[in-house]
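Below is one structure, written out as structure tokens; comments come after it.
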Amino acid sequence: MGYAEAIVSTPNDPEPAALIARCARGDQGALATLYDATAAQVNGLALRILGDRELAEEVTGDVFLQAWRSAAAYDDRRGSPIAWLLNMARSRAIDRLRAIAGDRRLTTPFELVREPMAPGPGPEETSTLAQRGRFVRAALDRLSREQREAIELAFFGGLSHGEIAALLGAPLGTIKTRIRLGMSRLREALAARGGLAS
């Protein structure tokens, strides 16, 4: 099953949010059920970012280990379970890419390095980026859950509109509308913060 396919559930299947709550209480069976229901989506996103099946499988395992350890911190008001898992997958996959790039730099002979590494952001830029991140999170929190979920899957999860529609079981037009309206509200909220939306 591809990562963009909707999770098929029956009336007897627990909801992912309920499974996460059970994980928080130490229920290992709930973790196994959550894995079976969502691993294809998590692995698909990791594979898309990394381009390597073995690395994607490692990241997928890491994501579910992190989900087990941080299940008590999950807050369904901040996004759906799949958005939470995909955000972790994206973050871990990007971290793995950076680690691989660092390893390659360490093993590359000095004479083959043609360009110096760009310096990282300075303290002022780091502070500005952190503040901007807080403003964006606060603006996201003001959206409806449906709008926030669609935007998180698109921008943090890297999914297309069609993939989001398939994953959430909603019409494509509905997903496009949620993202368009949500982005419009985000721009208004950020503009009110002093032009951060530009």
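The single residue among Leu190, Leu159 that is at pLDDT 75 or above and within 30 Å of Thr38 (Cβ to Cβ) turns out to be Leu159. Taking segment 162-187 as the range and being modelled with pLDDT of 80 or more and aliphatic (A, V, I, L, M) as the test, the residues that pass are Ile164, Ala165, Ala170, Leu172, Ile175, Ile179, Leu181, Met183, Leu186. In this structure, Asn87 qualifies as within 21 Å of Leu168 (Cβ to Cβ) and in contact (Cβ under 8 Å) with a residue 60 or more places away in the chain.
Among the listed residues Gly26, Gly61, identify the single one that is at pLDDT 90 or above and not in a helix (DSSP H, G or I).
Working: Gly61 fails: not in a helix (DSSP H, G or I).
Going through Gly26, Gly61 in turn, the sole match is Gly26.
The values are calculated or read from the model by the stated rules, or taken from the named source; none is laboratory data. Being a predicted model, the structure only gives us computed values, none of them experimental. So basically every Cβ, Gly included, is an ideal-geometry build from the backbone, and we count neighbours across all protein chains shown.
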